[in-house]
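The structure under discussion appears below in the form of structure tokens.
Read the figures in this text as sums done on the coordinates, not as results from a lab. Remember, predicted model here, so these are calculated numbers, not experimental data. Please note: Cβ atoms are built from the backbone with ideal geometry, for glycine as well, and neighbour counts cover all protein chains shown.
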Amino acid sequence: MEILVCVKRVPDTAENEIIVNRDGTDIEREDLVFSVNEWDNYAVEEAIQIKDKVGGNVTVITVGNDDAEEVVRREMAMGADRGILLCDEAFEGSDGKGIASILKAEIVKGKYDLVLTGAQADDGAGQVGGMLAAMLDWPFASLVNKIEVIDDKKILVGREIAGGNQEINEIDLPCVLSIQTGINEPRYVGIRGIRKVASADIPVHGANDLELSPELVGPAGSLVKRLDFFVPEPGEGAKMLEGNTQEILDKLVEILKSKGGIK
Ligand SMILES: Cc1cc2nc3c(=O)[nH]c(=O)nc-3n(C[C@H](O)[C@H](O)[C@H](O)COP(=O)(O)OP(=O)(O)OC[C@H]3O[C@@H](n4cnc5c(N)ncnc54)[C@H](O)[C@@H]3O)c2cc1C
């Protein structure tokens, strides 16, 4: 089975203090520590496990700048066979539709049975997987937490639905699935794995290679315009706990005890 996993390089929330930039249009991105989007890491692990069961190849792909190559290489160190970087100045400022258009242009050049995305990334729109499926005219299932291959034409997918209930569907290949965290336990990436792929070739494709017309991507192709970006004022009754992690935990336990939440 030929599996493609879409991965995004995102600010690591455990490693950074996230602040809004001066213009109030985005977060301050200078000096941030980046890593692979958590959901995408689960998707790559799932793809590797499927490959180990039924054979085939796992390719990881990202749309980003030169720095985004590091997440492709990291996921190759995890066990993906190939990586592709989609990078072009024309792609900067794309909205979710732009990102899906760029991914689609690459996907139709290859031959994939299964495309996995994360359920959501740092901007939290959860748009790219569904839009990509619609653009490819392929079946789509979101919030997938179980995959079982039936044969080379069909798979079973489990979905998390309201109230913690579970749904199982049969879906035709090729298809796009957005993967929920918790579907598996992503393997540890060791220094040996990283060394092994340190000099692996990662092709870089731009707008011309993908024959993408400029009006589909970048600000010109964005149908969603970001107007503002801010930290909301704490709501009435909300209390922000200050201090280091231990101090915050202690205060939280005190509050929960005082309200009878715990003994
Ligand atoms: C007007 C506008 C301008 C913007 N300008 C910029 C900008 O200049 N620079 C910038 O970095 N962002 C920019 N963004 C944000 C950018 O559009 C988002 O990164 C993109 O839409 C994905 O959104 P998300 O994180 O909500 O992804 P979701 O839809 O929540 O992601 C779901 C899944 O889609 C896949 N996916 C998402 N993004 C990528 C990617 N880049 N490569 C591969 N797979 C991916 C992953 O599998 C991910 O788990 C802009 C957004 C708007 C609306």
* Structure fact -> For region 110-115, in residue order, the Karplus 3J(HN,Hα) values (coefficients 6.51, -1.76, 1.60; θ = phi - 60°; whole Hz; Gly and Pro = x) are x, 9, 10, 8, 9, 10
* Tell me the GluC sites (Glu not before Pro) within region 158-242 that lie in a loop according to DSSP and have at most 15 other beta-carbon atoms within 10 Å. => 211, 236, 242
* Enumerate the aspartates and glutamates that residue 97 could reach by cross-link, defined here as Cα to Cα under 13 Å, with residues fewer than 8 away along the same chain left out. => 215
* Structure fact -> Of all GluC sites (Glu not before Pro) in region 1-83, the ones in DSSP coil with at most 14 other Cβ atoms within 10 Å are 15, 17, 28, 30
* To do: Find the centroid of the Cα atoms in region 154-178 and in region 78-95, then give the distance between the two in whole Å.
  => 27
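If you take every DSSP beta bridge whose two residues both sit in the chain, what share of them, in percent to the nearest 5, is antiparallel? Could the numbers behind the result be given before it?
Numbers: 17 of 40 bridges.
Within the chain, antiparallel bridges account for around 45 percent of the total.
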* Determine ³J(HN,Hα), in whole Hz, for all residues of region 87-103 in sequence, where each value follows from phi through the Karplus function 6.51 cos²θ - 1.76 cosθ + 1.60 and θ = phi - 60°; x replaces Gly and Pro. => 9, 6, 4, 5, 7, 5, x, 6, 8, x, 5, x, 4, 5, 5, 5, 4
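With n ≥ 4 as the cut-off for DSSP H runs, can you work out [θ] at 222 nm for the chain, using -39500 (n - 2.57) per run divided by the number of residues, rounded to the nearest 500? Before the final figure, lay out the partial values.
Numbers: 7 runs with 72 residues, N = 263.
After summing the helix terms and dividing by the residues of the chain, the value is -8000 deg cm²/dmol.
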* Asked: residue 126's amide H: which non-local residues (gap 5+, or another chain) put their own amide H closer than 5 Å, with H modeled 1.01 Å from N in plane and none for Pro or chain starts?
  -> 121
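Mind listing which trypsin sites (Lys or Arg not before Pro) in region 45-134 are in a DSSP loop and have 15 or fewer other Cβ atoms within 10 Å? Display every interim value, and only then the final one.
Details: sites: 51, 53, 73, 74, 82, 97, 104, 109, 111; in loops: 109, 111.
Here the trypsin sites (Lys or Arg not before Pro) that fit, given the DSSP loop and packing criteria, are 109, 111.
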* **Chain lengthening between residue 254 and residue 188 when straightened (0.36 nm per residue, less Cα-Cα)** => 20.2 nm
* Asked: Which length gain, in nm to one decimal place, applies between residue 13 and residue 123 when the Cα-Cα distance is subtracted from 0.36 nm times their residue separation?
  -> 38.4 nm
* Tell me which residues come under 5 Å, amide H to amide H, from residue 94 once H is placed; ignore anything under 5 positions away on its chain. => 218
* **J(HN,Hα) series, region 16-33, from Karplus relation 6.51 cos²θ - 1.76 cosθ + 1.60, nearest Hz, glycine and proline x** => 10, 9, 8, 10, 6, 6, 4, 6, x, 10, 6, 7, 6, 9, 5, 6, 7, 8
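Relative contact order for the chain using alpha-carbon pairs under 8 Å, separation at least 6, rounded to a whole percent? Intermediate values should be presented prior to the final figure.
Numbers: 486 pairs, mean separation 60.2, N = 263.
Value for the chain: 23 percent.
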* How far is the Cα center of region 190-226 from the Cα center of region 27-44, in Å? -> 15
* Asked: Using bins 10 angstrom wide from zero, how does P(r) for region 97-231 break down, in % of all Cα pairs?
  -> 10, 31, 33, 23, 3
* Inter-label distance, nm, simple model (7 Å from Cα along the C-beta direction), residue 233/residue 35 -> 3.5
* To do: Would you kindly compute the Cα radius of gyration of the chain and its largest Cα-Cα separation (Dmax), both in Å?
  => 20.3, 64
* Structure fact -> Sorted by chain and then number, the residues having a modelled amide H within less than 5 Å of the amide H of residue 5, at least 5 places away or on another chain, are 59, 60, 61, 116
